[in-house]
Structure formats: C-alpha cells, structure tokens
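Below is one structure; the comments refer to it alone.
The values are calculated or read from the model by the stated rules, or taken from the named source; none is laboratory data. What you are looking at is a predicted structure, and each value in this text was computed from that prediction instead of being measured. Cβ atoms come from the backbone with ideal geometry, glycine included; neighbour counts cover every protein chain shown.
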Amino acid sequence: MEAVAEAVSRAEAVSPGRMQVSTRPDGVTVINDAYNAAPDAMRAALRALKAITGDGRRAVAVLGEMAELGEHSAQVHREIGQQVAEVGAGLLVAIGQADAGQYADGAAGTGTTVDRAGSVAEAWELLPAGLRPGDVVLVKAANSAGLLKLADKLIEEPGPVTARHKTRSDSATSGGTLVGVTLLLPKICQPISNG
C-alpha cells in the first residue's frame with residue numbers, strides 16, 4: 001500500500017479517464033477511471049481506492065456497469081459489489097440497470113451504504129449530497145456507461161458537500177476553480193485488461 005501511495009505522489013497526467021486523480025478545493029478526491037472497465041480493471045481500481053483512501057478518509061465507489069461479459073455478467077458484477085465492501089468503502093453508488101443491481105446485492109448487508117441510480121443524471125442528483133469533505137471517490141465503468149461526464153462534473157461542478165449519511169449536518173461548499181492536483185497513477189496501478 002505504501003508503494004501505491006508513493007507512486008501516486010510521483011505520477012504524471014497522461015490521458016483523462018484512466019486513473020486520473022483530482023483533488024477539489026473541499027478536499028474531495030475524485031479518481032476518474034471511467035474510460036473502461038473489465039473485471040480485472042475494476043478489481044485493480046478498487047485496490048487503488050483502498051490504498052489512496054488510507055486511514056481516516058471515506059472510500060466512495062461510483063460504479064457503472066461493465067460491458068460484454070456474457071452469461072457471467074450478473075455473477076461478476078455481484079463479486080465486484082462484494083469487493084467494494086471488502087475494501088471498506090463507506091458508500092457505493094451503483095449506476096445502471098440489472099447489473100448495477102448485482103453490485104448493490106453484493107455489497108448489501110456489509111456496512112457499506114448502497115445507493116442505486118438508473119442513469120448518470122440520477123447519480124448526479126445523489127452524489128453532491130452524499131459526499132463529505134475528504135472523501136475519495138472512484139468513478140469506474142465501461143466507456144459506454146457514460147460516467148466520464150459524471151466524473152468531469154464531480155470535479156468541475158462539485159456543488160455543496162454534506163454529511164448526508166452522518167447524524168450531524170455539517171456542510172461545506174466549494175466553488176470557483178479547481179485548486180488541486182490532477183495526476184494519473186503510473187503503470188503499476190493500470191488495469192490488467194482494457195475492456
């Protein structure tokens with residue numbers, strides 16, 4: 001885990017949507033890996049989420065469906081949902097239809113809060129109110145799911161960040177220009193496959 005954190009500090013931007021890490025003025029870190037998703041790539045991204053989150057920050061997984069998995073699609077999506085819980089994510093936002101439901105089923109009952117959204121627009125309605133200052137948000141899906149736009153919007157138009165899942169009602173707003181760092185994880189954290 002320390003090697004991953006060190007690698008992040010030395011990483012350089014190469015292309016958007018491929019493990020692109022941006023920190024917003026309110027302290028929310030967005031990992032935009034929405035360019036592609038295959039099972040191995042999804043697992044690698046979740047491991048990176050855990051490493052980047054470290055102690056004291058909440059991991060948030062915003063996952064759209066993976067494409068072209070055939071008859072194993074439901075099982076693989078459910079397994080990824082289980083891994084979301086295993087990496088300690090505090091919140092899963094599952095975006096899409098039946099396979100997104102499998103993510104939700106895999107994480108259900110584990111201590112991970114699960115929200116469902118049928119579309120990117122519905123996910124955008126959920127996310128600003130569900131995030132807290134300091135959260136680390138992984139956005140990952142097959143390119144066809146359209147989550148690249150959602151990740152960009154999370155970075156560019158963060159809106160109010162509240163503690164929706166806390167008992168307190170702390171809130172912070174961020175506005176203006178992104179004053180963070182945009183990085184890409186180096187090859188050691190790149191997905192194994194390009195699905």
The condition of being touching a residue at least 24 places away in the same chain (Cβ under 8 Å) and crowded, with 24+ Cβ neighbours inside 10 Å holds, among 41, 51, 34, only for 34
Reported set for segment 75-113 where residues are touching an Asp or Glu at 6+ places or on another chain (Cβ under 9 Å) and either of a type in the set (D, E, K, R) or part of a strand (DSSP E or B) (or both) is 78, 91, 92, 93, 94, 95, 99
When restricted to 93, 114, 84, the only residue in contact with a strand residue (DSSP E or B) (Cβ under 6 Å, 6 or more places away or on another chain), of a type in the set (A, V, I, L, M) and under 17 Å from residue 40 (Cα atoms) is 84
* Asked: Taking the condition in contact with a Leu (Cβ under 9 Å, 6 or more places away or on another chain) and assigned to a loop (DSSP other than H, G, I, E, B), does residue 61 pass?
  -> no
Only one of 122, 68, 156, 86 is modelled with pLDDT under 90, farther than 24 Å from residue 27 by Cβ and either surrounded by fewer than 16 Cβ atoms within 10 Å (Cβ to Cβ) or not small (Gly, Ala, Ser) (or both), namely 68
Result of the Cβ filter at 7 Å on segment 79-95, keeping first residues that are of a type in the set (D, E, K, R) and partners that are modelled with pLDDT under 95, at least 6 apart or interchain, is 79/106
